[in-house]
Amino acid sequence: MKKVLVTGALGQIGSELTLKMREIYGADNIIATDIRKTDSDVALSGPFEILDVTDEKAMFNMAKKHEVDTIIHLAALLSATAEKKPLLAWHLNMGGLVNALESARELDCQLFTPSSIGAFGPTTPKDWTPQDIIQRPNTMYGVNKVSGELLCDYYHHKFGVDTRGLRFPGLISYVTPPGGGTTDYAVEIYYEAIKNKRYTSYIDKGTYMDMMYMPDAIAAIINLMEADASKLKHRNSFNVSAMSFDPEQIAAEIKRHIPEFVMNYEVDPVRQSIADSWPNTIDSTCAKEEWGFKAEYDLEKMTNDMLLKLRLKSLLVTA
Ligand code: AKB
């Protein structure tokens, strides 16, 4: 990765990945793009351009103009929003991806795009879900993710494009909040614990989902993209997870720091049924064996860091 185009750079992953890559590869070599511009660090610390990923020509011209060798394609709708707006999700998630793949093919770029635990469905075995297993998701997001994995494999086999991907679990971060995901409760809970010492969970007790702290996710993307291609038996996409918990376990961990913290439940049937169709835990063995995936943060270490960073952030805002 010498010169990289990032789509959806103002989103939850993009806003941290862009800054990390600018640190490693040089600010001028990371071209951040999004559908809108803000006054954020991402927009101000290096090249930033407005890009609508559903515009095939605009995507190609942007990649060509900046002579990039890598496309990190992140622009997409998450699971809960995709379920509310399935046609928009198909148009954006699949249209954007095929445009990114076409640009990568024509300009000979490496391409990364995230898949998700959402690529699994109710008929997938739920515990220690293996890398290669039945994938029949019953959500639009899941349909997009499985189709995306297959399309990326196709571009690799048919055209030789160096496509790589990760099946991300819920990602937790104190920098940019996610929007429209099923696992978002595990981020919101920390903000609310600091602000109000209480949280009402839309996901029910006993619902286990895989999760990962953002620094591990960013390291995983960079390590996979830098991995020796000859060692990769899989490409699109690797299971990666750092922990699995249910709402009661994360609440108990927060209570160790904030004893007055109170958790209530008001289950949202749409997001609950999405969560119920996903695995409890996925098996990341192939990622470990093929390119050395390792997660540094478990629930305890992540909670220490999240609460510390959010407290600092709230002090800075009120100062
Ligand atoms: C979502 O909840 O939609 C995402 C995901 C697990 O892909 N965080």
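One residue stands out in the range 71-96 among those that are surrounded by 20 or more Cβ atoms within 10 Å (Cβ to Cβ), part of a helix (DSSP H, G or I) and within 12 Å of the ligand (Cβ to nearest atom): the one that is farthest from the chain's Cα centre (by Cα), namely Glu83. Cβ-Cβ contacts under 6 Å between residues 6 or more apart (or on different chains), taken from a first residue in the range 53-64 that is among the polar types (S, T, N, Q) and modelled with pLDDT under 95 to a second residue that is outside any loop (DSSP other than H, G, I, E, B) and open to solvent by 30 Å² or more (accessible area, probe 1.4 Å), are absent. Counting the residues of the range 110-138 that are out of contact with any helix residue (DSSP H, G or I) (no Cβ under 8 Å at 6 or more places or on another chain) and within 12 Å of the ligand (Cβ to nearest atom) gives 1. Apart from one condition, Ser314 fits all of (1) open to solvent by 30 Å² or more (accessible area, probe 1.4 Å); (2) within 14 Å of the ligand (Cβ to nearest atom); the exception is (2).
Residues Tyr202, Tyr141: which one is within 13 Å of the ligand (Cβ to nearest atom), open to solvent by 10 Å² or more (accessible area, probe 1.4 Å), touching a residue at least 40 places away in the same chain (Cβ under 8 Å) and closer than 17 Å to Phe245 by Cα? After applying the criteria, what remains is Tyr202. The set of residues in the range 266-303 being over 24 Å from Leu224 (Cα atoms), of a type outside the set (Val, Ile, Thr), outside any loop (DSSP other than H, G, I, E, B) and touching a residue at least 24 places away in the same chain (Cβ under 8 Å) consists of Arg271, Gln272, Ala275, Asp276, Glu300.
Whenever a residue of the range 5-19 is without any contact (Cβ under 8 Å) to a residue 60 or more places away in the chain, its partners that are open to solvent by less than 10 Å² (accessible area, probe 1.4 Å), lying with C-beta atoms within less than 6 angstrom and at least six residues away or across chains, give the pairs Thr18/Val6; Thr18/Ala9; Thr18/Ile30; Thr18/Ala32; Thr18/Val42. Scanning the range 171-186 for residues being more than 18 Å from Lys309 (Cα to Cα) and either more than 13 Å from the ligand (Cβ to nearest atom) or not assigned by TED's automatic domain parsing to the domain that holds Ser314 (or both) gives a total of 0. Do you know which residues across the range 183-199 are of a type in the set (Ser, Thr, Tyr) and open to solvent by 50 Å² or more (accessible area, probe 1.4 Å)? Hit for the range 183-199 is Tyr191, nothing else. In the set Leu171, Leu166, only one residue is crowded, with 17+ Cβ neighbours inside 10 Å, in contact with a Leu (Cβ under 7 Å, 6 or more places away or on another chain) and farther than 14 Å from Arg271 by Cβ; that residue is Leu166. Identify the residue in the range 53-63 that is in contact with a helix residue (DSSP H, G or I) (Cβ under 6 Å, 6 or more places away or on another chain) and not aliphatic (A, V, I, L, M) and, among all such residues, is nearest to Pro177 (Cα to Cα). Taking the candidates together, the pick is Thr54.
Residue pairs whose Cβ atoms lie under 8 Å apart, sitting 6 or more positions apart in sequence or on different chains, and linking a residue in the range 22-45 that is open to solvent by 90 Å² or more (accessible area, probe 1.4 Å) to a partner that is among the polar types (S, T, N, Q), are Asp41/Ser15.
Here's a check for you: in the range 221-255, which residue that is without any contact (Cβ under 8 Å) to a residue 24 or more places away in the chain and assigned by TED's automatic domain parsing to the domain that holds Ile189 is most open to solvent (accessible area, probe 1.4 Å)? The extreme case among them is Lys255.
The values are calculated or read from the model by the stated rules, or taken from the named source; none is laboratory data. Quick caveat: nothing in here was measured; it's all calculated off a predicted structure. So basically every Cβ, Gly included, is an ideal-geometry build from the backbone, and we count neighbours across all protein chains shown. Side chains included, ligands, DNA and RNA excluded: accessible areas come from the protein's heavy atoms. Shrake-Rupley method; radii C 1.70, N 1.55, O 1.52, S 1.80 Å.
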